[in-house]
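Following: one structure in structure tokens, then a few remarks.
The values are calculated or read from the model by the stated rules, or taken from the named source; none is laboratory data. The structure displayed is predicted, hence computed values, not measured ones. Cβ placement follows ideal geometry from the backbone for every residue including glycine, while neighbour counts extend to all protein chains displayed.
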């Protein structure tokens with residue numbers, strides 16, 4: 001079900017309401033196949049956008065309370081730190097999700 005285009009389309013529309021115009025403060029991985037984007041807000045200072053890179057179980061969601069581990073953390077995409085998320089879209093009739101930032105785009109393909 002989570003690989004279905006229409007399910008992903010609805011999920012992206014819902015996620016857009018929560019992450020639009022938020023700033024990425026950190027991008028890291030502390031678990032196998034998971035990528036974490038720290039996107040705090042005034043109401044949720046520990047909010048993260050979590051993307052699974054596991055091809056057997058792909059997902060993307062927001063966790064309002066997530067604490068970063070102190071050890072075994074790998075940082076990714078240093079160029080997107082302190083960039084705002086302008087939009088979250090999905091390609092028409094395909095399962096490619098695009099996170100649009102100020103000067104960058106991050107693509108996530110669900111297969």
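Just checking, how many residues over the range 101-111 are over 11 Å from the mean Cα position of the chain (by Cα) and surrounded by 14 or more Cβ atoms within 10 Å (Cβ to Cβ)?
Taking the range 101-111 as the starting set, the residues that turn out to be over 11 Å from the mean Cα position of the chain (by Cα) are 101-105, 109-111.
Next, from what is left, pick out any that are surrounded by 14 or more Cβ atoms within 10 Å (Cβ to Cβ): 101, 110.
Of the residues in the range 101-111, 2 are over 11 Å from the mean Cα position of the chain (by Cα) and surrounded by 14 or more Cβ atoms within 10 Å (Cβ to Cβ).
In this structure, does residue 67 turn out to be more than 18 Å from residue 16 (Cα to Cα), loosely packed, with under 12 Cβ neighbours inside 10 Å and in contact with a strand residue (DSSP E or B) (Cβ under 9 Å, 6 or more places away or on another chain)?
Yes; evaluated as a whole, the condition is true for this residue.
Within the range 67-82, does at least one residue satisfy the condition of being closer than 19 Å to residue 105 by Cβ and either at pLDDT below 95 or in contact with a helix residue (DSSP H, G or I) (Cβ under 6 Å, 6 or more places away or on another chain) (or both)? Please lay out each step first, then the result.
So the first thing to find is which residues in the range 67-82 are closer than 19 Å to residue 105 by Cβ, and the list is 76-82.
Applying the additional criterion that residues be either at pLDDT below 95 or in contact with a helix residue (DSSP H, G or I) (Cβ under 6 Å, 6 or more places away or on another chain) (or both) yields none.
No: zero hits.
If you go through the range 52-89, how many residues are assigned to a strand (DSSP E or B) and more than 13 Å from the chain's Cα centre (by Cα)? I'd like the intermediate steps shown before the answer.
Initial filter on the range 52-89 (assigned to a strand (DSSP E or B)): 52, 60-63, 65, 74-75, 84-89.
Narrowing further to those that are more than 13 Å from the chain's Cα centre (by Cα): 65, 74-75.
The number of residues fulfilling the criteria is 3.
Can you tell me which residues in the range 9-51 are surrounded by fewer than 17 Cβ atoms within 10 Å (Cβ to Cβ), without any contact (Cβ under 8 Å) to a residue 40 or more places away in the chain and either in a strand (DSSP E or B) or touching a helix residue (DSSP H, G or I) at 6+ places or on another chain (Cβ under 8 Å) (or both)?
Matches in the range 9-51: 34, 46, 50.
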